[in-house]
1. Can you go through 99, 92, 147 and tell me which one is closer than 20 Å to residue 17 by Cα and hydroxyl-bearing (Ser, Thr, Tyr)?
2. Considering only residues of region 63-108 that are within 13 Å of the ligand (Cβ to nearest atom), of a type in the set (A, V, I, L, M, F, W, C) and closer than 24 Å to residue 32 by Cα, which is surrounded by the fewest Cβ atoms within 10 Å (Cβ to Cβ)?
3. If I filter region 27-45 for residues that are surrounded by fewer than 18 Cβ atoms within 10 Å (Cβ to Cβ), hydrophobic (A, V, I, L, M, F, W, C) and touching a His at 6+ places or on another chain (Cβ under 9 Å), do I get at least one hit?
4. Of (1) within 15 Å of the chain's Cα centre (by Cα); (2) over 22 Å from residue 12 (Cα atoms); (3) assigned to a loop (DSSP other than H, G, I, E, B), residue 90 satisfies all except one. Which?
5. Filter region 116-159 down to residues that are under 15 Å from residue 89 (Cβ atoms), more than 11 Å from the ligand (Cβ to nearest atom) and in contact (Cβ under 8 Å) with a residue 60 or more places away in the chain and give me whichever is surrounded by the most Cβ atoms within 10 Å (Cβ to Cβ).
Amino acid sequence: MRLAVLTHPDPRLRTVAQPVTEFGAALSQLVDDLLETMYAARAIGLSATQVDVHQRVVVLDVSADGRAPQVYVNPQVLAQDTFGMVEESCMSVPGVLDSVRRATRLRVRAQDRDGVPFERRIEGMNAVCLLHEIDHLDGRLFVDRLSWLRRLRWRRLLGREPRASAA
Ligand code: ZN
């Protein structure tokens with residue numbers, strides 16, 4: 001099922017996601033729905049946070065033919081290096097396209113949809129995309145990483161964010 005994607009400045013995008021502790025049919029369905037939603041939008045990554053599910057789940061597919069889905073449950077970056085500026089966009093911040101400084105080589109630990117842990121080295125777009133999605137799980141958007149001057153360029157699209165209220 002395709003899910004609705006939250007867009008900035010929705011305060012729910014600022015929620016810090018909780019670790020997944022239950023692996024089963026509900027999680028598997030969430031993973032399938034995230035993949036379907038991502039592919040439908042021709043995006044290369046999507047986090048559960050963006051569909052208002054505040055659990056640490058990310059899907060990616062940076063392949064040219066869109067046939068190499070990756071699933072990261074409870075992703076954790078163990079090491080990162082080789083920083084570079086990479087242009088990013090986000091389904092939750094429509095219309096904004098700008099360069100963010102990120103590591104392009106990572107060692108990451110996560111679990112698959114069945115809870116099986118794995119460790120993997122990833123690089124390039126794959127690494128940048130995973131970091132972008134992990135930011136979502138922590139309630140951060142890529143535009144938060146832009147300098148004040150760069151944000152000024154997008155001020156019409158970014159607008160003013162309401163202060164998060166204690167909820
Ligand atoms: Zn995003």
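Coordinate-derived values only; no laboratory data. The structure displayed is predicted, hence computed values, not measured ones. We place every Cβ from the backbone using ideal geometry, glycine too, and count neighbours over all the protein chains shown.
1. Values: 99 fails: closer than 20 Å to residue 17 by Cα; 147 fails: closer than 20 Å to residue 17 by Cα.
Exactly one residue qualifies, and that residue is 92.
2. Per the criteria, the residue is 91.
3. no
4. Just one mismatch for residue 90, condition (2).
5. 158
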